[in-house]
Amino acid sequence: MADYLKMVEQREAELNALFARMDKEKDLYYLKAFTLKDNDGREIPNVNNLTLNDPAVFAKRAIAILAGAEMQTVVEGEGLTDKQTTFIEGFLDGLDFAVNAQLAELRGWASAFAFYCEQIALRGRVSARCLLRMDGKKFVPDILPLDGRYLIHEVGADGLNWVAYKTSRTKAKILAEYDIQINSATAVVTDFWDEEFNRIFISSQQAREQKNTFGYLPFVIQISGGGSMLQDEDALEHEGEGVLSLNCDLYPELNRLATILHTLNELSFNAGMQYESGAGEQAKKPTLPPYGKRFVLPVEKGGGFKPMPINDIRDSTRLLYSMLEGRIQRGSLPAVDYGNLTFPLSAVAISRLTEGRDQIFLPRIQALAMFKQQLGKMAIRQYVDGKMKVELGQGGYTQQYPYQQLKGDYTVKYRFFTTSAEQKIADLAVARSAQGFLSDDTIRRDILKLPNPDGEYQKRRAELAERVDPAIALYRHACSLIEEEEYIEARLVAEQLMAMLKQRKMAGPTAPTEGPGQEGIPGVGRELIPLLTAGGGGARRQPKAEEEIE
């Protein structure tokens, strides 16, 4: 029998450098207290240590941006109708809701996606175990997000060879889940999977063994492209780096300088001093420092106390501090993302600033999309293989999903869109300038990057139809009132519509009404921000006499 724990330990040793990097970034994220030490690693006494919150602010901001991304589920397949693709997309969205409800009930988590965003941002990888099954007549949407720091796996030529998830659990949890009594307060539980069996180890003893009925490893693991893909011996440490990786070594130096400045400021009230006297270096030092509030001390001419010269230290420290601040900002988010700018920017300037976000978010967004795609395919596979027929949905709207309707050859894709309010306004300014040169469809898809451009087009057509013909607006309004069971109001609107149609019939045929152009749409035609010129920066061009001034 293979020594499975030995296999896990050996692989874990190979991943030590990777895990050490994760632990280092985790300490920054948790704002582990900084302590100033000398070159030998000994703590320096009489120092006011200071820990700045920069890494946590940046990390939490990055996670919030990822979590706030708009997700669009897209199913594509040759020969599939819109109704079929919408059905499959609805199943995946309903499954997400069921998984979140179970995680909230069992673990108190807000959502699985929030967990995934933190993982891809800090661990540089995102992973989950998928075990969809029926417990009698009850559907169990068992999709468990996993922490990549404690997930150990080995990859072969055909994919995963085995996966082990190591967690530390309390005595009470082990007793409740495995009915095993341990002597210590906690123990490490290793959940080991291969293609044949699932084995549970508590500390060094095997507690359970059951057959893997899937015939494959029910795990999805996706590594971020934000790290290195080189094949050097030490490249593993840089595989799938977190968002703090570029500044990982700069944050401690920032804390060091902040500590030095903080200590120097404190010493300005209690600084070291020089004592001048005729005895020179042989003079007897005073028992206590002769200074304080309103302190008066008589001294001989040319003697007395003078502060130690430390102004050069302060100046050089401030210079280095500003250098570190600039480079940390290059490796994190621009000031526009924190709302720190006190002057207006043009659309192009905002776009250039926010382009720096791409190096942070694009590889992680792509990893999230690939992960969701693989997880969705595995979930559909398990649902079809289990021949399930479950009602899924939320908020009073549910739908039954027979497994037969999920069969077929199609592709599941996920698209994510992350942007800021400033970038949205900049995109609108660029889109307005592109009108007349690009099609509305290109503007919606490539410039505005709308999550559902086709749906937005249909809604726009409906709005334009109501502007072109008021009768259409009255008809739709009457229908909506009937659905809301406001029959009296619906009748009044219907009578107004009938009067309008009778008046048209008596007037005879008329020329078709030309629909409104861009100028007929509220808000269009007003420039939200300048496209090229930077708001309040520089001299403003004087308008010509014939130009309209708003």
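The values are calculated or read from the model by the stated rules, or taken from the named source; none is laboratory data. These numbers were taken from a predicted model, which means no experiment stands behind them. Cβ coordinates were reconstructed from backbone atoms using ideal geometry, including for glycine residues, and neighbour counts include every protein chain displayed. Calculation scope for accessible area: heavy atoms of the full protein, side chains included, ligands and nucleic acids excluded. Shrake-Rupley method; radii C 1.70, N 1.55, O 1.52, S 1.80 Å.
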Practice prompt. With the checklist (1) open to solvent by less than 40 Å² (accessible area, probe 1.4 Å); (2) under 22 Å from G331 (Cβ atoms); (3) free of Cβ contacts under 8 Å to residues at least 24 places away in the same chain in hand, flag the one item Q119 doesn't pass.
Written response: (3)
Discussion item. Considering only residues that are of a type outside the set (S, T, Y), assigned to a loop (DSSP other than H, G, I, E, B) and open to solvent by less than 50 Å² (accessible area, probe 1.4 Å), which ones fall in segment 184-233?
Written reply: D194, N212, G215, L217, P218, G225, G226, G227
Discussion item. Here's a check for you: in segment 449-461, which residue that is open to solvent by less than 50 Å² (accessible area, probe 1.4 Å) and in contact with a helix residue (DSSP H, G or I) (Cβ under 8 Å, 6 or more places away or on another chain) is nearest to G68 (Cα to Cα)?
Written reply: L450
Worksheet item: Consider Q181 against the criteria (1) exposed (fewer than 15 other Cβ atoms within 10 Å of the Cβ); (2) under 20 Å from the mean Cα position of the chain (by Cα): it satisfies all of them except one. Which criterion is unmet?
Response: (2)
Worksheet item: For segment 96-111, how many residues are within 18 Å of Q72 (Cα to Cα) and crowded, with 19+ Cβ neighbours inside 10 Å?
Response: 4
Worksheet entry | Residue list for segment 127-156, restricted to those being without any contact (Cβ under 8 Å) to a residue 60 or more places away in the chain, part of a strand (DSSP E or B) and open to solvent by 30 Å² or more (accessible area, probe 1.4 Å) | D135, K138, V155
Worksheet, complete the sentence: Checked against (1) among the aromatic types (F, W, Y); (2) surrounded by fewer than 16 Cβ atoms within 10 Å (Cβ to Cβ); (3) touching a strand residue (DSSP E or B) at 6+ places or on another chain (Cβ under 7 Å), Y30 satisfies every condition except (3)
Item to complete: Select from segment 49-98 the residues that are more than 21 Å from the chain's Cα centre (by Cα) and polar (S, T, N, Q) and list them in ascending order.
Response: N49, T51, T81, Q84, T85, T86
Item to complete: Name the one entry in G124, G77 that is open to solvent by less than 20 Å² (accessible area, probe 1.4 Å) and either touching a Lys or Arg at 6+ places or on another chain (Cβ under 7 Å) or under 21 Å from F416 (Cα atoms) (or both).
Response: G124
Worksheet entry | Residue that is nearest to F113 (Cα to Cα) [pool: residues in segment 402-430 that are at pLDDT 85 or above and within 30 Å of the chain's Cα centre (by Cα)] | Y414
Response to the item:
When (1) at positive phi; (2) crowded, with 16+ Cβ neighbours inside 10 Å are applied to N46, the one that fails is (2)
Worksheet item: Can you pull out the residues in segment 118-134 that are more than 14 Å from Q102 (Cα to Cα) and more than 26 Å from the chain's Cα centre (by Cα)?
Response: M134
Worksheet item: Just for segment 49-72: of the residues that are open to solvent by less than 30 Å² (accessible area, probe 1.4 Å) and touching a residue at least 40 places away in the same chain (Cβ under 8 Å), which one is farthest from A112 (Cα to Cα)?
Response: P55
Item to complete: Give L246, L261, L236 a once-over and let me know the one that is closer than 24 Å to W162 by Cα, assigned to a helix (DSSP H, G or I), at pLDDT below 95 and open to solvent by 30 Å² or more (accessible area, probe 1.4 Å).
Response: L236
